[in-house]
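Everything on this sheet refers to the single structure shown next.
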Protein chains: 2
Amino acid sequence: MEENLGLRERKKMATRMALHEAAVRLAAERGADNVTIDAIAEAAGVSRRTFTNYFANKEEVFYYRDAHRLRRLCESIRQQPAADPWTVLTGAAADLLGEAFAEANTSWLTQLRTLHRDPNHLAHQIAAYTAIERDLAVEIAARVPGPDAELRARVLVATFLAALRTSVQFWLDNPGTSLPETFRRVSGMVSLTPA
Amino acid sequence: MEENLGLRERKKMATRMALHEAAVRLAAERGADNVTIDAIAEAAGVSRRTFTNYFANKEEVFYYRDAHRLRRLCESIRQQPAADPWTVLTGAAADLLGEAFAEANTSWLTQLRTLHRDPNHLAHQIAAYTAIERDLAVEIAARVPGPDAELRARVLVATFLAALRTSVQFWLDNPGTSLPETFRRVSGMVSLTPA
DNA sequence: CCTTTGCTTGCACTCCAGGCAACTTTGCAC
DNA sequence: GTGCAAAGTTGCCTGGAGTGCAAGCAAAGG
């Protein structure tokens, strides 16, 4: 997808990914709270100072993948033609979840499950989702008709992200389930009344 | 409501509240990021060390009121007789929001608005909501029939909290609106398909 | 090449989280 | 009341996190 980038850009992406992967691996090994930034930086082969150039804190590095996917989702929404917002959102989500589900191998899954087991981290996962809530709401508001557009768009986006997050959470909690199928079930349970 | 408590308990509640109010006031004055724990503790008349006996971090002290209300909501749900979960949730929420709306005077509102203006803090507000998501889901799961009970309860609770949070956010963003009325509008936009 | 631009790193400093031990206040039984 | 035990407060101290700054270095592009 994003090829044709200079060496500099490619190195930055590699460093980001190395930090993220080192962080998740270490967290799965010894628990997220027992991982210091120094340890992550060392495992990724950079200095502690460089870590903080890439991520503002530990939570960010753990949820980098989630945040990245959500930003891509936001991008893909932006490029969709105007259509029923809920359909656009769930459609884009289905694509992304399919991709995530496909690339989730066993060891990766185990690491993710270990990370999500920590109840403290639920809040941080949500923070990642929230970071794009405003952006997404702005994008959606433009497609919602009626005088209620702003409020309706916010409700739409908040509900959508809640559904997405619940799906991922349930999928991680229940080994053997399919992520896209779980999302399909979840989005079937909630409906937004049309304007 | 909770009277008949010993001096010790009443003092603790007072200290908690003093810390919370000092924190919100200082944050409104100079921005949440420019408030140190030392400043909050001093303003509340206790030592910095005592602050950390009461709250684990700055976000917790800012959202103490929200978290407290949500815990009370969870309690009130627990005591409700078995009934339609969505009705129980929105009913309990309406009560709490009415109370919050009634006790919100102008200066308090201004402080809250300043706090919520910081986009960084949206994530922390959500964290507060999330902290009780699991507890609430357990409570609700017992009232949801059908084989999907667990998943359905989670979706129900996540959607409900999203609606609640969106209502508060919208109300703060739009001076002059009524909080209970906003929540009524929002919950009218969402519907959960029955089992 | 050689300049420019931008990334990395170490250093220094402030703030935060929490264990520990001394001290003070409250609760309660006598 | 008096005294003791339980609980709360505080200061001290250690380790970790976040960030501005300046020096060094590597890539980009003439």
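FYI, it's all coordinate maths here, none of it is from the lab. Since the structure is predicted, the reported quantities are computational estimates derived from the model, not experimental observations. Note that each Cβ is placed from the backbone with ideal geometry, even for glycine, and that neighbours are counted across all protein chains shown.
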Failed condition for B:Arg10, given (1) within 11 Å of DNA strand C (Cβ to nearest atom); (2) within 14 Å of chain A (Cβ to nearest Cβ): (2)
Within the stretch B:43-64, take every residue that is away from chain A (no Cβ under 14 Å) and not in a helix (DSSP H, G or I) and give me the one that is farthest from DNA strand D (Cβ to nearest atom). B:Phe55
Within the set of pairs 6 or more residues apart or between chains, which connect a residue that is within 20 Å of A:Thr114 (Cβ to Cβ) inside the stretch A:30-59 to a residue that is hydroxyl-bearing (Ser, Thr, Tyr) and near DNA strand D (Cβ under 8 Å from one of its atoms) with Cβ atoms less than 8 Å apart? A:Ile37/A:Thr52
If I ask for residues that are assigned to a loop (DSSP other than H, G, I, E, B) and at the interface with chain B (Cβ under 9 Å from one of its Cβ atoms), which ones from the stretch A:168-189 would you list? A:Asn174
